[in-house]
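Below: the structure, in structure tokens.
The values are calculated or read from the model by the stated rules, or taken from the named source; none is laboratory data. Keep in mind that what you see is a predicted model, and the values were worked out from it rather than measured. Positions of Cβ are backbone-derived with ideal geometry, glycine not excepted, and every protein chain shown enters the neighbour counts. Heavy atoms of the whole protein, side chains included, go into the accessibility calculation; ligands, DNA and RNA do not. Shrake-Rupley method; radii C 1.70, N 1.55, O 1.52, S 1.80 Å.
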Amino acid sequence: MGRNGNRRRSAIYHITVQGELDTAWQEWFSGMAITIDQDKDGAVTTLQGLVADQAALRGILNKLWDLNLTVISVKRDM
């Protein structure tokens, strides 16, 4: 159980970053789907997929940091 008494559960996350991340990176991001869109500021990439727990989420965010990508949003499906 986590600190707040809830059981750790996997969840679907949508992580949006500024810039374009090639879909070849999907395997490195645990098979998360990668989509690229354009907004008023240029390309944005969304990674979407099942994340096992908060430790796995932190690992994904660390990889994005290592690639020097700016995280725009992190959303969890309820």
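Things to note:
- Inspection of the range 50-58 finds no residue satisfying the criterion of being touching a His at 6+ places or on another chain (Cβ under 7 Å) and surrounded by 15 or more Cβ atoms within 10 Å (Cβ to Cβ).
- There is no residue in the range 50-63 that is at pLDDT 95 or above, in a strand (DSSP E or B), touching a Ser or Thr at 6+ places or on another chain (Cβ under 9 Å) and not aliphatic (A, V, I, L, M).
- Single residue of the range 19-38 satisfying the filter (among the hydroxyl-bearing types (Ser, Thr, Tyr) and surrounded by 13 or more Cβ atoms within 10 Å (Cβ to Cβ)) that is modelled with the highest pLDDT: Thr35
- In the range 59-71, the qualifying residues are those that are over 24 Å from Arg9 (Cα atoms) and touching a residue at least 40 places away in the same chain (Cβ under 8 Å), and the one that is least open to solvent (accessible area, probe 1.4 Å) is Leu69.
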